[in-house]
1. Of everything in the stretch 49-82, what is in a helix (DSSP H, G or I) and over 14 Å from Leu95 (Cβ atoms)? Give them in sequence order.
2. Please specify each residue of the stretch 36-48 satisfying the condition of being surrounded by 13 or more Cβ atoms within 10 Å (Cβ to Cβ) and either assigned to a loop (DSSP other than H, G, I, E, B) or of a type outside the set (Val, Ile, Thr) (or both).
3. Is it true that Gly26 is in contact (Cβ under 8 Å) with a residue 12 or more places away in the chain and more than 24 Å from Leu92 (Cβ to Cβ)?
Amino acid sequence: MSSQSDQALEVKNPTLFDRIFRDSKGNIVIAQAPNLPVLVGVVAAILQYALPSGQPQIAAQLIAFGALFTWAWQELFEGVNYFRRSLGLLGLVGLMGVGLNSLGL
């Protein structure tokens, strides 16, 4: 038998707002603490500007791209709500744009 507080979280007809911004527990989730791929990606992106040109800079660029791509992929397919999933999609589109731009296409 469920308690009264559990029944309050059950939404029979969730609104569009609920579907976009709420997680499965009914909490509004827009931002959250950064996870490992985001932290690695940001640190590697900063390092790529601090390192001299050559192989170390290319390695930092690849690590940054890979980590941020991993974060975006996880958000797109495992995000807690539609807002987080759309952030993942925007991240993937942005990373592909940056990648194509760096290739000169």
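1. If the condition is that a residue be in a helix (DSSP H, G or I) and over 14 Å from Leu95 (Cβ atoms), then Tyr49, Ala50, Gln55, Pro56, Gln57, Ile58, Ala59, Ala60, Phe77, Glu78, Tyr82 are the ones that fit.
2. From the stretch 36-48, those surrounded by 13 or more Cβ atoms within 10 Å (Cβ to Cβ) are 37-45, 47-48; that's our starting set.
Pro37, Leu39, Gly41, Ala44, Ala45, Leu47, Gln48, listed by residue number.
3. Against the criterion (in contact (Cβ under 8 Å) with a residue 12 or more places away in the chain and more than 24 Å from Leu92 (Cβ to Cβ)), Gly26 qualifies.
The numbers here are math on the coordinates, done by the rules we state, and not lab data. Bear in mind that the values here come from a model prediction, so they are computed numbers and not experimental data. Counting neighbours? That spans all protein chains shown, and the Cβs are built from the backbone with ideal geometry, glycine included.
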